[in-house]
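Please treat every number below as a calculation from the coordinates, not as lab data. Quick caveat, the model's predicted, so the values are computed rather than measured. All Cβ positions, even for glycine, are placed from backbone atoms using ideal geometry, and neighbour counts span all protein chains on display.
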Amino acid sequence: MNASGYKVKGPAGLGFAALKGHPLGCLRPGAGSREVLRSIPAGMSSQLPTHFLNFHRSSFGCHAARSARNFLLTQHLSPFIDGPIVALAGGVGGAKLAYGLYQLLGERLTVVVNTGDDFEHWGLTVCPDLDTVMYNLAGINNPEQGWGLADESFRALDQVAKFGGESWFRLGDRDLGTHLVRTQHLKSGAELTEVIFELKSSVGITAAILPMSDQPVRTMVHSNEGVLAFQDYFVRRRCEPRLIRLEFAGIDAARPSPQVLDALDKAAAVILCPSNPYLSLDPILHLPGMADHLSSLDAPVIAVSPIVGGLALKGPAAKIMAELGVEVSPVAVARHLAQQIRLDGFVLDETDAASEAVVETLGVAALVTDTIMVNHASKVRLAQNVLDFAVSLA
Ligand code: FO1
């Protein structure tokens, strides 16, 4: 044990221990990812450089430790996480945390994205959550709107409106390019996972972005106005109808893709982003076998609350929870998730610090921190805190 009470492994530990403020030892060759996570003090995961990532497998530990010390003094620091980190996401809050995680993890990040919001419009397959994650990670998103591309124009849609066509769903001119290419690939027989790989690679994203499934799942809103397709409810009706229940049409015939299961099996931690738990996370968690698979993982599973101070940071989560008769609170989100999967950790905002102890009565470790993401720095900071929390739970 070192002074911080964390395990320091092997005789070569001095190399790391000598790093000013870095009381770490060298890890034994072949240490597993949980072991690597466990050996790092909370708060330290940001302080180790990228080239440390597989260091524990090397045989020249202390030489590497010396060069690492120099590296530490001169380079941008990124987290010491071995193995992929898998984030489950949907919507704007999910994409923001995914962005922060991507800044720290690069290709070690896999984002598994809700496809329940997908729909066919003007003969095109539109995948809003996948595109929102892709545009955010590529840094080409429209930050004010939350969806779509920056510097977008809507000339095609204006023309549609002039001809009396439906223009309630605002497809931008450049965004249309995404839907055209995706639809063409899908029509030629490609799986959605392959198409998204091509698209995200074309915009230079090194992280994996995976649709939750290659089979179509469509969220249907049972409301006081009848059954509405998700985008009809969300965009055309601006979430005004009273929600009675949600249905994920097609989910019984859908499966998590093999790529999703493989990423989860290799994950050092799984992070449920601050996405709408009912609209964005439930379609992923309700996929056949998914909840059991997540619960059986060795890796810690952590969720970040999308509810802060009784309000949703964005979107209709608070309205939906109230309509479902659920208390609008982070505790209710933690309970909802913990009823479906083994939830090891839950992150709640400082505003809700009083709920920390209640979350812990659910058997879930709690972290109270600033969860508000308004710019690059706050997205990265939250990502860092969540990764540190994962380290402490591993
Ligand atoms: N959201 C809106 O509120 N209005 C729109 O017109 C709209 C268009 C749109 C186009 C492409 C796209 O990828 C997303 C778009 N969204 C729009 C967002 C989307 O409907 C929702 O953000 C998600 O489905 C909820 O996560």
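General observations
- Cα extents of region 102-239 along the three principal axes, largest first (Å): 44, 33, 33
- Hull volume per residue, based on the alpha-carbon atoms of region 199-339 and their convex hull, is 132 Å³.
- Förster radius 35 Å - calculated FRET efficiency between GLU356 and ARG238, Cβ distance, rounded to 0.05: 0.55
- Net length gained if the chain between ARG155 and SER188 were fully extended (0.36 nm per residue, minus Cα distance): 9.1 nm
- Binned Cα-Cα distance frequencies in region 128-195 - 5 Å width, integer %: 4, 16, 23, 21, 19, 13, 4, 0
- The packing ranking, built from the mean of other Cβ atoms within 10 Å per residue, places the peptides 144-151, 280-287, 172-179 in the order 280-287, 172-179, 144-151, highest first.
- The C-alpha atoms of region 290-376 occupy a region whose extents along the principal axes are 32, 30, 28 Å, arranged from largest to smallest.
- DSSP bridge pairs, region 76-224: antiparallel proportion in percent, nearest 5: 30 percent
- Label-point separation in nm, ILE140 to LEU311, each point 7 Å along Cα→Cβ: 3.3 nm
- Bridge type composition, region 280-394 - antiparallel percent by DSSP, nearest 5: 20 percent
- Amide N of region 260-279 lying under 20 Å from the label point, which is placed 7 angstrom from the Cα of SER296 along Cα→Cβ: 260-271
- When each of LYS162/LYS200; LYS96/LYS319; LYS96/LYS162; LYS200/LYS266 is checked by Cα-Cα distance, pairs over 29 Å: LYS162/LYS200; LYS96/LYS162
- The mean sequence separation of alpha-carbon pairs under 8 Å and at least six residues apart, normalised by the residue count of region 74-219, gives a relative contact order of 27 percent.
- For region 377-394 versus region 143-205, the spacing of their alpha-carbon centroids is 32 Å.
- Dipole moment magnitude, nearest 20 debye, region 118-252 about Cα centre, only Lys, Arg, Asp, Glu C-beta charged: 280 debye
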